[in-house]
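In what follows, a single structure is set out as structure tokens and then discussed.
What follows is calculated from the coordinates using simple rules that are stated; it is not laboratory data. Quick caveat, the model's predicted, so the values are computed rather than measured. Positions of Cβ are generated from backbone atoms using ideal geometry, with glycine treated the same way; all protein chains shown enter the neighbour counts.
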Amino acid sequence: MTTYSLLILPGDGIGPEVMAEVRKVIGWFQTNRGLSFDVSEDLVGGAAYDKCGKPLADETMAKAQSVDAVLLGAVGGPKYDNLDFSVKPERGLLRLRKEMDLFANLRPAQCFDALADFSSLKREVVAGLDILIVRELTSGVYFGEPRGISADDTPGNEGGRVGVNTQRYTSGEIRRVARSAFELARKRNNRVCSMEKANVMESGILWREEVQWVHDNEYPDVELSHMYADNGAMQLVRNPRQFDVIVTDNLFGDILSDAAAMLTGSLGMLPSASLGAPMANGRPKALYEPVHGSAPDIAGQGKANPIACILSFAMCLRYSFGLGAEADMLEKAVEKVLADGVRTGDLMGAEGGKPVSTTEMGDHVLTALSAL
Ligand code: NAD
Ligand code: IPM
Ligand code: MN
């Protein structure tokens, strides 16, 4: 029997709370579907900083490189806001993404029918929505050099300090994420919309040209369109169902995926998969995490919605383990729970009602799994 190795990094804030529900789901699949997981757990973000003065220990990084998949909760929080930049919790996550070379970040935004009235947009705009944002994750302005803040803060020298970040892409980096987007589109509705700002940025011109090159030479059967990212943001809230797959850079992808979250009802619903090149076993290096952060405003209160994290595990079953049927099951169970009207606080509409806690939501998903 295949044993799948998993490294769980719960992180900070609501990270450990939502990850506890994923652990229950993993246990359910072990008991009821005969799957075998070798699960280890470690620290990332502020939790790691508190223990070892770094947001990611080298041993944890090495472990992440050696497992079949990493599951991450969330990192960050006000306690760590004034730390030196180099040891901020977020640096731990960025190191994982960079060193594992997880260049393709898949952020699906699906509107479950039961939640169509919870979106901040009208039901008729979002009902049935199923789009996939493919965000480049290891380059662009997040990592480009030069970067930093100049040391010149001489009193009286107003305007003397400079903060620098560099948007930089190579053609190879653009081509590989474009290939991921075209491959994924072929399994969906065969349409890719690429977003950049080629009207003001040279890196945007290169992005557009390289995506077009990959299309013309390797994926001429997929429908490709290009859009400036600012128009893309507007189109996402005007008529999101016009899109199938959106491919975009690291920063635009970060922003557009948070906006897409609200189309689905709540940021607490959006999962993600960060994938690298295939390993020797043919599966990609991979890290799965919800799109949301550590939600300091509700942390420790049992209010967090665990669905984004649970659906991230469904993506893990599908992309890292090839267990598509099990992934479908888990997604169906979530859909059933929502259809039954079970809601965490973030999904409560104007009509009110009593929200369930994080753990209760997890229990409902297990019950629905057992009833399938
Ligand atoms: P956030 O995503 O943590 O929270 C934004 C809002 O959404 C908050 O009101 C929060 O309560 C709500 N929310 C988020 N997830 C929810 C869930 N599962 N259930 C119910 N409500 C939920 O974003 P933020 O407040 O801008 O950032 C807080 C911290 O998290 C920062 O330190 C930031 O750097 C970090 N962050 C981490 C990640 C990550 O680990 N991948 C992602 C985004 C932000
Ligand atoms: C995300 C987060 C991260 C990002 C932070 C926490 C580094 O916002 O995963 O969307 O900006 O990529
Ligand atoms: Mn983000």
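Observations
- Local electrostatic count, LEU35, Cβ distance below 13 Å [Lys/Arg +1, Asp/Glu -1]: -2
- FRET efficiency estimate (nearest 0.05) - Cβ-Cβ, ASN32 to MET279, R0 25 angstrom: 0.30
- Mean Cβ neighbour count within 10 Å, used as a protection proxy, ranking 51-57, 61-67, 98-104, 29-35 highest first: 98-104, 51-57, 61-67, 29-35
- The dipole here belongs to segment 1-75: it is taken about the Cα centre, uses +1 on the Cβ of Lys and Arg and -1 on the Cβ of Asp and Glu, and is about 180 debye.
- Estimated dipole of segment 213-372 in Debye, rounded to 20 [Cβ of Lys and Arg +1, of Asp and Glu -1, Cα centre]: 420 debye
- Other residues within the sphere of radius under 13 Å centred on the Cβ of MET61, judged by their own Cβ, net out at +2 (K and R +1, D and E -1).
- Taking amide hydrogens as placed 1.01 Å from N in the peptide plane, the amide H of PHE37 sits under 5 Å from those of TYR4, each at least 5 positions away in sequence or on another chain.
- Model label zone, GLN301; criterion: amide N under 20 Å from point 7 Å along Cα-to-beta-carbon; scope segment 20-34: 20-21
- Listed by chain and number, the lysines placed with their C-alpha closer than 23 angstrom to that of LYS24 are LYS63, LYS303, LYS332, LYS336; residues fewer than eight positions away on the same chain are left out.
- The sum of -39500 (n - 2.57) across all DSSP H runs of n ≥ 4, divided by the residue count of the chain, sets its helix-only mean residue ellipticity at 222 nm to -12500 deg cm²/dmol.
- Summary of packing: across the peptides 242-249, 8-15, the per-residue average of other C-beta atoms within 10 Å ranks them, highest first, as 8-15, 242-249.
- Charge dipole magnitude, Cβ of K and R +1, D and E -1 - the chain, Cα centre, debye nearest 20: 440 debye
- Separation of segment 1-60 and segment 274-307, taken as the distance between their Cα centroids, equals 10 angstrom.
- Across segment 55-70, coupling constants 3J(HN,Hα) worked out from phi with the 6.51/-1.76/1.60 Karplus curve, θ = phi - 60°, read x, 7, 6, 4, 5, 5, 4, 5, 4, 4, 6, 9, 8, 6, 7, 10 Hz, and Gly and Pro carry x.
- Distance between the 7 Å Cα→Cβ label points at GLU124 and LEU251: 3.8 nm.
- Contact order relative to length of the chain, as percent, for alpha carbon pairs under 8 angstrom and 6 or more apart: 21 percent
- Using θ = phi - 60° in the Karplus curve 6.51 cos²θ - 1.76 cosθ + 1.60, the 3J(HN,Hα) couplings for segment 167-174 round to 7, 9, 9, 9, 4, x, 5, 6 Hz; x is entered for Gly and Pro.
- Counted charge near LEU338, where neighbours are those whose Cβ lies closer than 13 Å (Asp, Glu -1; Lys, Arg +1): -3
- Of the residues ALA259, VAL87, LEU9, the one whose Cα sits farthest toward the positive end of the charge dipole of the chain, with +1 on the Cβ of Lys and Arg and -1 on the Cβ of Asp and Glu, is LEU9.
- Of MET201, ALA273, ASN165, farthest towards positive along the dipole that unit charges on Lys, Arg, Asp, Glu beta carbons give segment 136-280: ALA273
- In terms of packing, defined here as the mean over residues of other Cβ atoms within 10 angstrom, the peptides 334-341, 140-147, 252-259 line up highest first as 252-259, 334-341, 140-147.
- Dipole of segment 212-339, positive end: most advanced residue of LEU287, THR248, VAL222 [Cβ charges, Cα centre]: LEU287
- Rounded to the nearest whole Hz, the Karplus-based 3J(HN,Hα) values (6.51 cos²θ - 1.76 cosθ + 1.60, θ = phi - 60°) of segment 242-250 follow the sequence 5, 9, 10, 10, 10, 10, 7, 7, 4, with x at glycine and proline.
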